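Worksheet: the structure to be examined is printed underneath.
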Amino acid sequence: MYFYKHKCLWVRVSMLLSLMIFSFLSPAFAQEFPGNAKDSLDIIKGFALGEVIVTATKVKFSLASPMPVQILSGKKLEKLNSLSVADAIRYFSGVQLKDYGGIGGIKTINVRSLGSAHTAVFYDGMSVGNAQNGQVDLGKFSLDNIESIELYNGQKSTIFQPARGFFSSNTLFLRTKAPQFSKDKNYRLKPAFKTGSFGLVNPSLLYQQKLSPALSLSASAERVEAHGRYKYNYRKEGGYDTTAVRQNGDITSLRTEMTLHVKLRRTGQASIKTYLYDSERGLPGAIVANRYHHVQRQWDRNFFIHASLHNSFSKKHNLLANIKFSNDYNRYLDPDYKTNEGALDNKYYQNELYTSLVNQYSLRPWWDVSLATDFSLNTLSANLYRFPYPSRYSYLGALSSHMRWEGMDLQANLLAGYIKEDVKHYQQGDNQSVLSPVISVSAQPFKYKAFRVRAFYKESFRMPTFNDLYYTFIGNSSLRPEVTTQYDVGATWTIEPGGVLQSASVQTDIYYNKVKDKIVAMPSSNLFRWTMLNLGEVDIKGLEAKTDLGFKLSTKLLLDLGLNYTYQKAIDITPNGSTYGHQIPYAPEHSATLTSSVLWKNWQMNYSFIYTGERYSQKANIPVNYVQPWYTSDIALNWEGTLVRIPVKIGAEVNNFFNQYYDVVLNFPMPGRNYRINLAIEL
Amino acid sequence: MNTNKLFMVLAFATITLTGCRKDDYIIPEEEEILPPQTVTSVDGFYLLNEGNMNMNKASLDYYDYATGSYRRNVYGEANPGATLGLGDVGNDIGIYGNKLYAVINNSNKVEVMDALTSKRLKVIDVKNARYITFAKGKAYVSAYDGEAQLGDNSPNGFVAEIDTTSLDIKRTVMVGRQPEEMAVVADKLYVANSGGYSPPNYERTVSVIDLNSFTKTKDIDVAINLNRLKADDYGDLYVSSRGDYSQIPSKLFVIDTKTDSVKKSFDLATSNFTIVRDTAYIIGSEFSYETFDWDINYSLIDVKNETLLEDNFLPQSVIDAIKTPYGIAVDPVSLNIYVTDAGDYVSPGTLYCIDKNGDIKFQVTTGDIPAHMAFKETTTTQQ
């Protein structure tokens, strides 16, 4: 039974590949109709100038990057039926989104099977980690005020960034919308409203004000409210067929943020940003036999204030200084867990103080060097029995060099870190010191500028989280840090032939990752608690292929097409393990996405498709652990124009169009077909 | 034309992709042929695999003595209509009469099955149910949460009395917090209370229930965090204390049911044990915060003379092979020892059979966290 699934999969994969090959061959079309090229280009300019520019910058940027980068920004981002950053990153290749389902379900990113704690998330240049559990819930970042999402395998390809940017195996950058003003207006006001399935009521407001030529303010607020109920179905051929309604998945959240941007003399700039997210949600829990309703609840409050200064004191020098304080509160209530003091009511308080200083100096016009130094202090307290009250002092430094020649970029970093652990009670974790090298290169092997090859080697590590080390009864202070080694070779090719095929880009990477001492968190009694498992060693070999195509089908009809395919073998190679040679839990061998959008006058129609292949829910690749592949189709129709001289955007979405019932994480059912409508205006 | 071609390919690709999620069948049982055993008054046993919490992977295996057939994961195929199968975390199992009872903790139920066919007879809802024992036509189930019986906010647990003919809950009685294993001696039911939800304020008593009036008559003070409780043939109870996992170590206590008081204790880490004839077979595994490793013992107690024996009951090769000793059962007739290894808790475990001379008869792969066994009598007939 499980074998012909494989067979079927190959049919699927070969279909996808042939589709991609077809896409590769498409430039031929353009050459068949050279006559059309010139006037069609003019029409595009007049019609959708913004679109072309966005695509062009994007392509240029990723072409020279020595580390693979995937970017969703501007219009491209708006085309995806996405409520949150989590929905959007599903379209990146090499990414698994761990999604517990629904609007309130926790969503974390796992890149190239290295594990979710190996992806650092940056929000407007500042890292938003979680020292307690290493998980960043991407579901809480709404796309409403996000300008771009960038995912770097390895690190961002600039040496002018805080040390933290270099230390993770992968980095995800979220950039909010920067103030932009037209000539005759010194403010922007953008209210938006979304509603739809799950009882979603989602108003938001973006306000930007120019206070003086050098000073501008940007503020945004958003509220999400949903009852979170949806139908799901579990069935077996010739057996049970049960449909139920997901319960206790409600959420109420409020996000407010404000940023003051200051332009300093000449090239300098500074900003100060405050952010507050406050939420209450039900935890819908695992659906198991005879149990379809859970009563656990969770509250989260995240606050941070962040100041950043970028200045240069000479032509050759650049300075970036950052300081941030953050305070996170989390409360977990379990009325089913009855203690002497009433229901289990755990409260966690985290503080982080983070400072960073980066200096960059140009030694030669083709050679920059930088030194980035970071210090951070993380503390966690909780009202738990036998809680150790840990603190962590991290000192990170990165010495970098970036050389640029005609047709070649060479970057080298030497990272040094010292992490000191401190506990008030009980056993403290070991202090750690690390030294890791990174080398990356991007080259243009031929005269032909549109084709580049790249390669990188990177060593990184992640500390066990506070939960890994100290969680009462589950934590294990003798855990070792996880160490990853990444090797990647890739190529990018971009052409803009004009004609029917306006632009095409192809990006392919093969990689080999090794994880040693991998700490795997398996969901245990609830979403918030895990069973810690030292999975040992993992060998990950993968291939990612990605192509973006822009077609002009007629003078008024534009088609954008994006295809992503990922092949991944993530094998448990723990010596003497009972599952040696098995694919690690939740890593599909094959996954793919397709995005497409058709533009016609003021109308835009989007279709996107996500495929995640078969996986195993636990270490042993045996029938009882088999998890079915899933694939969803999302469709959207948008209209953008002006009504009574007000710019208006209206959209309607149908997600999971074919109403497939599936689990991303076993026993956490995902919604079937669901709907959403959006309205945004600009005043 | 090219546009059409493109859309055709696109549509075709979509259809191909969409058409490929195969029908999802109930996972069939797997059979392995092991050495057969002499059929006595016992002709086989069920093994309940707990499965890691939230995985919904509790499963039943059956070993048939006459044929040596070991059938893994028998529940699903026998009960295709049972939504999501046996459930989440199988915590205890027992056979009484012709019925098989499985306590499925996180599924809040007791699953009653035909002991011959393992087909479902009834599902009895018991919230956070833990253990089961039988006496005089009744089944007794301990449970952490008595929301309906004791009120929403009571931290106390309860014991439900189930009529084994009608399979209805007849009476309930409140006991201590987070009650665990039980045993019946004469007309009294003894319940070990743990209080594990409120460390360090653990419970330290065994509750005594009069079975006629079904009321609690007293609490016997023993030690903190009680767990396992078994009766021997001499009117004594053996009850294990788990300690507080750091300062206070795990111990084993002996209660005299004539006086209902503790008469002896053994400084022996005890995580699971069984008493057959005059011997208690004990598995102790305790996590040491000093060495950050498990200290494991396989001990024997002569329950007639209440003395700890010198020997352990496993050959060295099995001791070396077992990572996480978990379940223990001894055939009351052949005295074959069945011991399980739960491994890393998230992969299939192993069942070992060792005869009374200490020789390995077989080992076999089980479900995840093999834990609880119930011997089937030859006299069992279909319902």
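The values are calculated or read from the model by the stated rules, or taken from the named source; none is laboratory data. All of these numbers come straight from a predicted model, not from anything done at the bench. Backbone-built Cβ (ideal geometry, glycine too); neighbour counts: all protein chains shown.
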Item to check | In region B:140-151, the residues that are touching a Lys or Arg at 6+ places or on another chain (Cβ under 9 Å) and either more than 13 Å from chain A (Cβ to nearest Cβ) or surrounded by fewer than 18 Cβ atoms within 10 Å (Cβ to Cβ) (or both) | outcome: B:Val141, B:Ser142, B:Glu147, B:Ala148
Checklist entry - Which residues, counting only those in region A:281-300, are surrounded by fewer than 17 Cβ atoms within 10 Å (Cβ to Cβ) and either within 23 Å of the chain's Cα centre (by Cα) or assigned to a strand (DSSP E or B) (or both)? => result A:Trp299
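Condition check ((1) surrounded by fewer than 16 Cβ atoms within 10 Å (Cβ to Cβ); (2) within 17 Å of B:Lys356 (Cα to Cα)) across all residues:
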{"residue": "B:Ile282", "(1), (2)": "no, yes"}
{"residue": "B:Val303", "(1), (2)": "no, no"}
{"residue": "B:Asp320", "(1), (2)": "yes, no"}
{"residue": "B:Pro325", "(1), (2)": "no, no"}
Checklist outcome for this item: Output for Cβ contacts, cut-off 6 Å, separation at least six or different chains, first residue within 16 Å of B:Asn52 (Cα to Cα) in region B:357-369, second surrounded by 14 or more Cβ atoms within 10 Å (Cβ to Cβ) and among the basic types (Lys, Arg), reads B:Asp368/B:Lys57
Item to check | Residue check, A:Ser591 small (Gly, Ala, Ser), surrounded by fewer than 22 Cβ atoms within 10 Å (Cβ to Cβ) and at pLDDT 90 or above | outcome: no
Checklist entry - Which of the residues spanning region A:406-447 are surrounded by 14 or more Cβ atoms within 10 Å (Cβ to Cβ), over 28 Å from A:Val506 (Cβ atoms) and aliphatic (A, V, I, L, M)? => result A:Leu414, A:Leu415, A:Ala416, A:Ile419, A:Val423, A:Val434
Checklist entry - Residue check, B:Asp244 against (1) among the acidic types (Asp, Glu); (2) over 18 Å from B:Thr307 (Cα atoms); (3) at pLDDT 95 or above, all met but one. Which one? => result (3)
Item to check | Total residues in region B:50-73, condition among the hydroxyl-bearing types (Ser, Thr, Tyr), under 17 Å from B:Tyr338 (Cα atoms) and in a strand (DSSP E or B) | outcome: 4
Checklist entry - How many residues, within region B:104-132, are among the polar types (S, T, N, Q), surrounded by fewer than 24 Cβ atoms within 10 Å (Cβ to Cβ) and within 11 Å of chain A (Cβ to nearest Cβ)? => result 3
Checklist entry - If you check B:Ile15 against the conditions, is it of a type in the set (Val, Ile, Thr) and modelled with pLDDT under 95? => result yes
Item to check | Top-ranked residue of region A:282-320 - restricted to ones that are more than 14 Å from chain B (Cβ to nearest Cβ) and among the basic types (Lys, Arg), ranked as farthest from B:Asn56 (Cα to Cα) | outcome: A:Lys315
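Quick test for you: out of B:Thr380, B:Thr350, pick the one residue that is within 14 Å of chain A (Cβ to nearest Cβ) and either part of a loop (DSSP other than H, G, I, E, B) or touching an Asp or Glu at 6+ places or on another chain (Cβ under 9 Å) (or both). Steps first, please.
Numbers: B:Thr380 fails: within 14 Å of chain A (Cβ to nearest Cβ).
Selected residue: B:Thr350, the only one of B:Thr380, B:Thr350 that is within 14 Å of chain A (Cβ to nearest Cβ) and either part of a loop (DSSP other than H, G, I, E, B) or touching an Asp or Glu at 6+ places or on another chain (Cβ under 9 Å) (or both).
Condition check: at pLDDT 85 or above, over 24 Å from the mean Cα position of the chain (by Cα) and either of a type in the set (Gly, Ala, Ser) or within 21 Å of A:Ser73 (Cβ to Cβ) (or both). Does A:Gly499 satisfy that?
Working: at pLDDT 85 or above: yes; over 24 Å from the mean Cα position of the chain (by Cα): yes; either of a type in the set (Gly, Ala, Ser) or within 21 Å of A:Ser73 (Cβ to Cβ) (or both): yes.
Here the answer is yes, as A:Gly499 does meet what is asked.
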Next on the checklist: Given the criterion under 30 Å from B:Pro36 (Cα atoms) and assigned to a loop (DSSP other than H, G, I, E, B), identify the matching residue among B:Gly85, B:Gly76, B:Gly81, B:Gly94.
Outcome noted: B:Gly85
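Condition check ((1) more than 20 Å from A:Ala88 (Cα to Cα); (2) without any contact (Cβ under 8 Å) to a residue 60 or more places away in the chain; (3) more than 23 Å from the chain's Cα centre (by Cα)) across all residues:
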residue	(1), (2), (3)
A:Ile622	yes, yes, yes
A:Tyr626	yes, no, yes
A:Trp639	yes, yes, yes
A:Pro647	yes, yes, yes
A:Ala652	no, yes, yes
A:Asn659	no, yes, yes
Next on the checklist: Suppose the filter is crowded, with 24+ Cβ neighbours inside 10 Å, within 14 Å of another protein chain (Cβ to nearest Cβ) and among the small types (Gly, Ala, Ser); does B:Gly85 pass it?
Outcome noted: yes
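So which of B:Leu335, B:Leu314 is surrounded by fewer than 21 Cβ atoms within 10 Å (Cβ to Cβ), of a type in the set (A, V, I, L, M, F, W, C) and part of a loop (DSSP other than H, G, I, E, B)?
After ruling out the rest, the residue left standing is B:Leu335.
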Checklist entry - In region A:180-240, which strands (runs of 3 or more DSSP E) lie fully inside it and hold 1 or more residues that are among the aromatic types (Phe, Trp, Tyr) and more than 14 Å from every other protein chain (Cβ to nearest Cβ)? => result A:187-196, A:200-212
Checklist entry - Can you tell me which residues in region A:129-150 are surrounded by fewer than 23 Cβ atoms within 10 Å (Cβ to Cβ), among the hydrophobic types (A, V, I, L, M, F, W, C) and modelled with pLDDT of 90 or more? => result A:Ile146
Checklist entry - Which of the residues spanning region A:448-497 are part of a strand (DSSP E or B), of a type in the set (Asp, Glu) and surrounded by fewer than 23 Cβ atoms within 10 Å (Cβ to Cβ)? => result A:Glu459
Checklist entry - A:Pro191 passes all but one of (1) of a type outside the set (A, V, I, L, M); (2) surrounded by 15 or more Cβ atoms within 10 Å (Cβ to Cβ); (3) touching a residue at least 60 places away in the same chain (Cβ under 8 Å); (4) closer than 24 Å to A:Phe303 by Cα; which number fails? => result (2)
Item to check | Count - residues of region B:180-193 that are modelled with pLDDT of 95 or more and either crowded, with 24+ Cβ neighbours inside 10 Å or of a type in the set (Gly, Ala, Ser) (or both) | outcome: 7
Next on the checklist: Which count do you get for residues in region B:230-255 that are surrounded by 15 or more Cβ atoms within 10 Å (Cβ to Cβ), free of Cβ contacts under 8 Å to residues at least 60 places away in the same chain and away from every other protein chain (no Cβ under 14 Å)?
Outcome noted: 12
